[in-house]
Amino acid sequence: MNLTCLITGASSGIGRELAQHYAAKGWTVYAVARSKDKLDELSQQAGIKAVALDLTDDGAVKATAEQLQSDGVVLDLVLLNAGTCEYVDVNDLDLAAFDRTFAINFHAVVSGTKYFMPLLKASLAPKLAIVSSMAHFFPFTKAQAYGASKAATSYFTDSLRLDLAGSGISVHLIEPGFVDTPLTQKNDFEMPFLVPVEKAAERIYRGLQAGKSRIRFPRRLSYLLKLLSLLPYNLRNSVAQRMKQQ
């Protein structure tokens, strides 16, 4: 049986690796991203269809979803993965950086859910998967925009699952740690337990195939951050300050 998925943020990083992974497994993949050149290259692989789209443009997202529906496309999986990261200076908060970060990390997720979810309804086993991050578990320096956007995304996903219970659509929250992608390669600090992008895609694929409602990796980082989050509030703040100074 031929299965079909739509993956956002497919021009690089986790999204690109997932598109290739699903196509290699025999799925038809609608690969969504802004970069037409990168998508054209990606679509040379059998099973991958390029969809050039600015996910921050609600009208364009709606039009794309309507076109797919008009073409008779039925999605078995919508995987909303597109994301960005901008660090900010607390002494001169860049409001535009917050706008840009929330536009792609959060508002595009809401828009994608609204407009692509109807294409799942004819599937026998529809899945909606949303990529967030472990970053919101613990306060990190200069990560106010990124961490807050991911906190919003995780809450949105968990709340969405509650209200979609009984609809037939399963909702899956993906919260990775550090994954070796072009985005994280810009970081100038140590990234503990860094995961190769190929392994990240495989873990996401296996987790979704197993029907896991929440997929977190690597486990060591997940356990460490959850443990830190359980510390008394003042002690947690002290630990965060010491980590900042390292």
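The values are calculated or read from the model by the stated rules, or taken from the named source; none is laboratory data. These figures come from a predicted structure and were not determined experimentally. Cβ: placed from backbone, ideal geometry, glycine included. Neighbour counts: every protein chain shown. Keep in mind that these areas ignore ligands, DNA and RNA; they rest on the heavy atoms of the full protein, side chains included. Shrake-Rupley method; radii C 1.70, N 1.55, O 1.52, S 1.80 Å.
Points worth noting:
- Test: residue in segment 199-217 that is farther than 18 Å from residue 81 by Cβ and either buried (at least 18 other Cβ atoms within 10 Å of the Cβ) or among the acidic types (Asp, Glu) (or both): no
- Test for residue 34: is it open to solvent by 10 Å² or more (accessible area, probe 1.4 Å), touching a residue at least 24 places away in the same chain (Cβ under 8 Å) and closer than 25 Å to residue 57 by Cβ: no
- Scope segment 156-185; condition more than 17 Å from residue 18 (Cα to Cα), in contact (Cβ under 8 Å) with a residue 40 or more places away in the chain and exposed (fewer than 13 other Cβ atoms within 10 Å of the Cβ); matching residues: 168
- Looking only at residues of segment 210-225 that are touching a residue at least 12 places away in the same chain (Cβ under 8 Å) and assigned to a loop (DSSP other than H, G, I, E, B), we find that the one that is farthest from residue 77 (Cα to Cα) is 218.
- Subset of segment 46-63 [more than 25 Å from residue 202 (Cα to Cα), β-branched (Val, Ile, Thr) and open to solvent by less than 30 Å² (accessible area, probe 1.4 Å)]: 61
- One residue stands out among those in segment 13-23 that are touching a strand residue (DSSP E or B) at 6+ places or on another chain (Cβ under 8 Å) and surrounded by fewer than 24 Cβ atoms within 10 Å (Cβ to Cβ): the one that is farthest from residue 84 (Cα to Cα), which is 23.
- Residue match in segment 72-89 (condition: in contact (Cβ under 8 Å) with a residue 60 or more places away in the chain and over 18 Å from the mean Cα position of the chain (by Cα)): yes
- Of all residues in segment 128-154, those satisfying the criterion of being in contact (Cβ under 8 Å) with a residue 60 or more places away in the chain and open to solvent by 50 Å² or more (accessible area, probe 1.4 Å) are 139, 140, 141.
- Close contacts from segment 111-124, counting a first residue that is over 10 Å from residue 66 (Cα atoms) and a second that is open to solvent by 40 Å² or more (accessible area, probe 1.4 Å) and assigned to a helix (DSSP H, G or I), with Cβ to Cβ under 9 Å and a gap of 6+ residues or different chains, come to 111/58; 111/62; 113/156; 114/58; 114/62.
- Conditions (1) polar (S, T, N, Q); (2) open to solvent by 40 Å² or more (accessible area, probe 1.4 Å); (3) over 19 Å from residue 208 (Cα atoms): number failed by residue 43: (2)
- Within segment 65-176, strands (runs of 3 or more DSSP E) holding 2 or more residues that are touching a Ser or Thr at 6+ places or on another chain (Cβ under 9 Å) and of a type in the set (Lys, Arg): none
- Subset of segment 21-31 (residues that are under 22 Å from residue 196 (Cα atoms) and in contact (Cβ under 8 Å) with a residue 40 or more places away in the chain): 21, 22, 25
- Selection of segment 226-236 for residues being without any contact (Cβ under 8 Å) to a residue 60 or more places away in the chain and surrounded by 12 or more Cβ atoms within 10 Å (Cβ to Cβ) yields only 231.
- Within segment 64-75, no residue satisfies the criterion of being open to solvent by 50 Å² or more (accessible area, probe 1.4 Å), touching a Phe, Trp or Tyr at 6+ places or on another chain (Cβ under 9 Å) and either farther than 12 Å from residue 118 by Cβ or among the aromatic types (Phe, Trp, Tyr) (or both).
- Summed over segment 187-198, the residues that are touching a residue at least 12 places away in the same chain (Cβ under 8 Å), within 16 Å of residue 135 (Cα to Cα) and open to solvent by 60 Å² or more (accessible area, probe 1.4 Å) give a count of 2.
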